[in-house]
Amino acid sequence: MWARMALRAWAVLVLLFLFVPILLILFYAFNTSNVQSWPIPGLTTRWFTATWNDSSVRSSLGLSVQAGLAATALALVLGSCAAFAIHRTAFFGRDAVSLLFVLPLALPGIITGIALNAFFSFNGISLSLWTIIVGHATFCMVVVYNNVLARLRRTQGSLIEAAMDLGANGFQVFRDVTLPLISTAVVAGAMLAFALSFDEVIVTTFTAGAETTLPVWIFGQIRHGILLPEVNVVVSFVILVTIIPVVIAARLTGGGGTARVPAAR
Amino acid sequence: MVAVAGVDLVIDEGEFFTLLGPSGSGKTTLLRMIAGFERPDAGRIELGGRDVTSLPPHLRNTNTVFQDYALFPHMSVADNIGYGLRIKGVPSTERRRRVERALQMVRLTGLGQRRPNQLSGGQRQRVALARAAINEPEVLLLDEPLGALDLKLRQEMQIELKQIQKEVGITFIYVTHDQEEALTMSDRVAVMSNGLIEQIGTPVDVYERPATEFVAGFIGISNVLVRDGVRFVVRPEKIRMLADSEVPEPGAHVEPGTVEEVVYVGMSTRYVVRLDRGEQLVAVRQNMDAAGDAQRFQGRPVRLAWTADHTYVLD
């Protein structure tokens with residue numbers, strides 16, 4: 001009885017610890033003062049208009065969305081193909097190859113960042129939106145790969161055989177059976193990939209040229225400490241943009257989806 | 001590793017043919033070769049006189065009922081059943097009509113719009129059957145289709161399957177490890193062991209006249225004896241157990257022994273008897289008398305009698 005109550009209280013405390021800071025930021029976004037102190041002197045929406053009219057926010061947001069979408073698209077193609085290849089074929093060293101696919105996510109971002117930066121400069125490739133996309137795709141691919149592979153492994157192999165048995169050729173089997181069965185995993189993987197790309201800082205720092213993405217912009221503002229209220233507004237927005245796809249992804253993969261969301265980098 | 005070797009098998013049109021054997025005997029591999037999921041290293045598979053050995057599954061006129069049913073979870077029951085016809089390009093009105101008829105055949109009328117996960121095990125089994133049979137294949141392959149059902153349902157489905165097979169007149173090739181299932185449904189049975197066919201014959205053939213000791217042991221309880229250098233089988237129900245002063249029928253072979261165990265199995269009672277010569281035999285008697293009566297034989301000396309025409313000599 002007491003143990004149960006204590007456990008509940010503990011769970012509540014942990015949740016508070018995780019989410020109170022986030023709620024605090026949402027509050028500060030409405031702060032009339034540009035000094036962060038508690039209690040806040042009053043509520044205002046003026047920082048929202050200021051942020052909306054700030055061209056540096058707009059351009060970095062635009063860059064983030066472009067990089068996120070492109071990296072996700074690239075990750076979808078590469079991740080799904082890799083998952084199919086690993087699932088369907090059996091060859092010597094398959095587990096090792098599978099590990100290599102997953103490694104970029106486990107690798108510290110600083111290593112990926114420095115390595116890519118060195119690679120690009122070695123080959124004389126100037127840093128731009130495209131280098132950010134390639135950098136993000138390295139780890140976005142992994143979440144797509146993991147999701148699709150997990151779904152393929154959970155899918156009964158006999159379903160494919162049943163479709164062939166009923167007269168379906170390779171393309172028809174894919175269209176009528178394989179694709180519908182993995183579609184939610186693909187979508188979930190894509191959403192997680194976008195969420196990962198959207199808040200990435202470290203790899204972006206090393207692969208971005210003159211332009212910056214939204215998280216990198218936030219980082220810069222916090223260091224300078226000039227536009228803190230605008231940062232709060234932007235962060236509130238980023239929270240929404242990242243949480244929504246993660247929640248949808250979790251729904252799509254049947255509740256257990258969040259368990260496969262890798263730790264944010 | 002060879003899963004199936006030296007199989008030479010001709011199955012007649014419209015026949016209910018069963019591949020019977022323990023797990024690992026190669027019966028499923030053989031079925032998968034006929035379906036086209038596996039290719040033999042050597043030999044040929046012909047379907048209606050046409051060599052299909054190198055034909056992929058989707059170009060073969062066979063359909064399979066899978067052990068795990070393999071119903072498409074994202075399609076309704078009707079779409080599952082109609083999938084083969086859709087692939088063949090059968091127009092939707094005719095398709096609907098035939099799906100309706102197939103649902104009726106397997107007694108699932110009105111459940112066409114359900115999803116497979118809204119059905120019971122027995123209903124899913126029937127959907128799998130309808131999905132395969134609707135295509136009117138030359139051969140319908142069934143891979144332990146009743147394995148996942150409970151005993152009562154299994155017995156009902158055995159009768160139903162046999163009726164459906166007669167109704168549609170398609171050749172059935174049925175894989176099972178259940179000897180009772182094989183005996184009740186089949187026109188002919190092939191008993192397999194270690195990738196080899198031990199015997200092919202009618203249910204009566206393989207039960208009454210087993211060709212090898214393996215067949216004798218796998219189908220039913222068999223009593224293998226050696227007398228005068230001849231190995232032979234006597235089925236338990238062919239042995240008469242004589243108590244006290246009962247007289248054996250003329251010409252019967254009689255041997256004394258002691259009842260070691262009495263096993264009541266409802267319809268009959270099984271007596272495990274140790275012969276004075278050393279072997280153990282099982283005799284079965286119908287429970288015609290009061291059921292409690294059987295126990296009185298426990299530990300008592302009896303005589304076992306059988307006639308020569310009820311024994312079958314093993315090679």
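The longest stretch of chain B left intact once loop-based GluC sites (Glu not before Pro) with at most 12 other Cβ atoms within 10 Å are removed from consideration, loops following DSSP, is B:14-245.
Within the protein assembly as shown, how many Lys pairs that are eight or more residues apart, or on different chains, come under 28 Å at the alpha-carbon? Close lysine pairs under the 28 Å cut-off: 8.
Overall shape: prolate for region A:1-44, with the ratio a/c of the largest to smallest alpha carbon gyration tensor axis at 1.5 or above and a/b above b/c. When the accessible area of the protein assembly as shown is split by element with a 1.4 Å probe, what percent falls to carbon and sulfur? Carbon with sulfur: 61 percent of the solvent-accessible area.
Between residue A:45 and residue A:5, what's the calculated FRET efficiency when r is the beta-carbon distance and R0 is 56 Å? Round to 0.05.
Values: r = 41 Å, r/R0 = 0.74.
Between residue A:45 and residue A:5 the formula returns 0.85.
The residues of the protein assembly as shown present an accessible area of 51 Å² per residue when probed at 1.4 Å with all protein chains retained.
With both labels modelled 7 Å from their Cα along Cα-to-Cβ, the residue B:245 to residue A:119 distance reads 10.1 nm. Loop-located chymotrypsin sites (Phe, Trp or Tyr not before Pro) across region A:1-96 with a Cβ neighbour count of 16 or fewer within 10 Å are A:91, A:92, with loop assigned by DSSP. Go ahead and collect, in residue order, the members of region B:101-145 whose backbone nitrogen is under 16 Å from a label point 7 Å along the Cα-Cβ direction of residue B:88. The answer is B:101-103, B:129-141. Helices in chain B that qualify as membrane-span-like (whole DSSP H runs, Cα extent of at least 15 Å along the helix axis, mean Kyte-Doolittle hydropathy of 0.0 or higher) are B:77-88. Residues whose amide H lies under 5 Å from that of residue B:199, counting only those 5 or more places away or on a different chain, are B:191; hydrogens are built 1.01 Å from N in the peptide plane. Summed over qualifying helices (DSSP H, 4 residues or more, each -39500 (n - 2.57)) and divided by its residue number, chain A shows a 222 nm mean residue ellipticity of -25000 deg cm²/dmol. Here is how the number arises for chain B: DSSP H runs of 4 or more residues each give -39500 (n - 2.57), the sum is divided by the residue count, and the result at 222 nm is -8000 deg cm²/dmol.
Of all beta bridges that DSSP places with both ends in chain B, some 70 percent have antiparallel geometry.
With everything on Cα atoms, drop me the angle between helix A:109-122 and the longest principal axis of chain A, reported from 0 to 90° to the nearest 10. Value to nearest ten degrees: 80. Once the Cβ-Cβ distance of residue B:226 and residue B:258 is raised to the sixth power relative to R0 = 22 Å, the FRET efficiency obtained is 0.65. Against chain A, whose longest principal axis is taken from its Cα atoms, helix A:179-198 shows a tilt of about 30°. Applying the criteria of a DSSP loop state and at most 12 other Cβ atoms within 10 Å to the chymotrypsin sites (Phe, Trp or Tyr not before Pro) of region A:165-245 yields no site.
Loop-resident trypsin sites (Lys or Arg not before Pro) (DSSP state other than H, G, I, E or B) in region B:233-286 with no more than 11 further Cβ atoms inside 10 Å of their Cβ: B:277. With solvent modelled as a 1.4 Å probe, how much accessible area in total do chains A and B shield from it at their shared surface, in Å² to the nearest 100? Adding both sides of the contact gives about 1700 Å².
The values are calculated or read from the model by the stated rules, or taken from the named source; none is laboratory data. These numbers come from a predicted model, not from an experiment. Counting neighbours? That spans all protein chains shown, and the Cβs are built from the backbone with ideal geometry, glycine included. With ligands, DNA and RNA removed, areas are computed over all heavy atoms of the protein, side chains included. Shrake-Rupley method; radii C 1.70, N 1.55, O 1.52, S 1.80 Å.
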